[in-house]
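Chemist: Below you will find the structure I want to go over with you.
The values are calculated or read from the model by the stated rules, or taken from the named source; none is laboratory data. This one's a predicted model, so the numbers in the text were calculated from it and none came from an experiment. For neighbour counting, all protein chains shown are included, and Cβ atoms are generated from backbone atoms with ideal geometry for every residue, glycine included.
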Amino acid sequence: MKSRTIELVAPSGYPADPSAVDRGLLRLRSEGHQLDNVEATRRRFQRFGGTDAERAADLNRLADPSRRLPDIVLAVRGGYGASRILHGLDYRGLQRRLTDQPIAIVGHSDFTAIQCALFAQAGLKTFGGPMFAGDFGAEEVSAFTMRHFWQAITHSSLTVTSKTPQRQSVDARGMLWGGNLAMLASLVGTPYLPPVEGGILFIEDVNEHPFRIERMLYQLHQAGVLGRQQAVLMGDFMGGRLIEYDNGYSLDATIEQIRNVTGIPIVTGLQFGHIDDLLTLPFGASAHLVANEQGFTLSVTDYPHLA
């Protein structure tokens, strides 16, 4: 594996487990990678990985033309906090510095807000993928996650296949975008949600009951977001606990309800979310989704990648 320069950014929370930081640093350095801005893993301000100004500065430094760009910009973790710094990002500077550059900006969960804002305000393409503390610093690193991460960010195209049977046939082309459902819903009505037309929207969330998932999907539907998409790709929604009161109301029931209300094809079984074995997906890439009773294939091109 070629050694890379990895810049750590902490736009959201701080790592709760210091040993995860130590493991992540040791593993990446042992592979020959250079880790920059390590101090971002040690900052604390309330429940955040630093003050709003410090966390925005992590990203704004990338706009400095006097600094050498890293190969990879890696979010330390998610949590909450990205929404507080969206107004403080130097979108024009980042656009001038990063457009068409071979750089991989990677994260998921709360980082979805950063990814949406960077695309909406600067047209920058990023990656939904693993994060420093939870994935690179895990006690047992997922070989699947690491293999797919390095493959995705170093190749000009990507193909994802799944054997999850689908209830409908789909053949859709459009821009691949999305991420955490709660973050997407929170950006509705703001200048930070990209006005994507004819896209393929991928979504995931964690610890949300199906009725909360449905409510957020209704928000995207009633705001006109879902109606502008070619298809929705459902990632993992682990952690939502059903109770007796639900009377059979489940995530499957939610999906069927949204299918019926929107008429938008919904494809299930995407290996993306708060899970150990995680795909890396380019946000803003051109995608082709084919799904049927045998499963689905997602082919992706046109995104920044490392040589």
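Chemist: Counting just the residues of segment 118-134 that are surrounded by 21 or more Cβ atoms within 10 Å (Cβ to Cβ) and in contact with a helix residue (DSSP H, G or I) (Cβ under 6 Å, 6 or more places away or on another chain), which one comes out farthest from Ala75 (Cα to Cα)?
Modeler: Of the residues in segment 118-134, the ones surrounded by 21 or more Cβ atoms within 10 Å (Cβ to Cβ) are 118, 124-134.
Among the residues that remain, those that are also in contact with a helix residue (DSSP H, G or I) (Cβ under 6 Å, 6 or more places away or on another chain) are: 124, 126, 129-130, 132-133.
Details: Leu124: 16, Thr126: 12, Gly129: 10, Pro130: 8, Phe132: 6, Ala133: 9 Å.
Ranking the candidates gives Leu124 first.
Chemist: Would you check if Thr262 is more than 17 Å from the chain's Cα centre (by Cα) and either at pLDDT 95 or above or not assigned by TED's automatic domain parsing to the domain that holds Gln168 (or both)?
Modeler: Working: more than 17 Å from the chain's Cα centre (by Cα): yes; either at pLDDT 95 or above or not assigned by TED's automatic domain parsing to the domain that holds Gln168 (or both): yes.
Yes, satisfied.
Chemist: Another question, if that's okay. Check whether at least one residue in segment 259-266 is part of a strand (DSSP E or B), under 29 Å from Pro195 (Cβ atoms) and touching a Pro at 6+ places or on another chain (Cβ under 7 Å), and report yes or no.
Modeler: Scanning segment 259-266, I find no residue that is part of a strand (DSSP E or B), under 29 Å from Pro195 (Cβ atoms) and touching a Pro at 6+ places or on another chain (Cβ under 7 Å), so the answer is no.
Chemist: Would you be able to tell me the number of residues in segment 31-46 that are over 23 Å from the mean Cα position of the chain (by Cα) and closer than 15 Å to Met131 by Cβ?
Modeler: Residues in segment 31-46 being over 23 Å from the mean Cα position of the chain (by Cα) and closer than 15 Å to Met131 by Cβ: 0 in total.
Chemist: Follow-up question, since we're still on this one. For the structure I just gave you, tell me whether Gly137 is in contact with a Gly (Cβ under 6 Å, 6 or more places away or on another chain), assigned by TED's automatic domain parsing to the domain that holds Leu26, surrounded by 24 or more Cβ atoms within 10 Å (Cβ to Cβ) and not hydrophobic (A, V, I, L, M, F, W, C).
Modeler: Values: in contact with a Gly (Cβ under 6 Å, 6 or more places away or on another chain): yes; assigned by TED's automatic domain parsing to the domain that holds Leu26: yes; surrounded by 24 or more Cβ atoms within 10 Å (Cβ to Cβ): yes; not hydrophobic (A, V, I, L, M, F, W, C): yes.
The answer is yes for Gly137.
Chemist: Let me ask something else about it. Read through the list (1) part of a loop (DSSP other than H, G, I, E, B); (2) crowded, with 21+ Cβ neighbours inside 10 Å, then give the number of the only condition that Leu184 fails.
Modeler: Failed condition: (1).
Chemist: Got a sec? Which of Leu278, Leu220, Leu298, Leu289 is part of a loop (DSSP other than H, G, I, E, B) and either surrounded by 14 or more Cβ atoms within 10 Å (Cβ to Cβ) or of a type outside the set (A, V, I, L, M, F, W, C) (or both)?
Modeler: Values: Leu220 fails: part of a loop (DSSP other than H, G, I, E, B); Leu298 fails: part of a loop (DSSP other than H, G, I, E, B); Leu289 fails: part of a loop (DSSP other than H, G, I, E, B).
Result: Leu278 is the single residue among Leu278, Leu220, Leu298, Leu289 that is part of a loop (DSSP other than H, G, I, E, B) and either surrounded by 14 or more Cβ atoms within 10 Å (Cβ to Cβ) or of a type outside the set (A, V, I, L, M, F, W, C) (or both).
Chemist: Among Ile203, Ile255, Ile213, which is within 23 Å of Leu278 (Cα to Cα), touching a residue at least 24 places away in the same chain (Cβ under 8 Å) and in a helix (DSSP H, G or I)? Full working, then the answer.
Modeler: On the way: Ile203 fails: in a helix (DSSP H, G or I); Ile255 fails: touching a residue at least 24 places away in the same chain (Cβ under 8 Å).
The match here is Ile213.
Chemist: List the residue pairs whose Cβ atoms are under 8 Å apart, where the first residue sits in segment 87-98 and is free of Cβ contacts under 8 Å to residues at least 24 places away in the same chain, the second is of a type in the set (Phe, Trp, Tyr) and surrounded by 19 or more Cβ atoms within 10 Å (Cβ to Cβ), and the two are 6 or more positions apart or on different chains.
Modeler: As it stands, the answer is none, since no pair meets every condition given.
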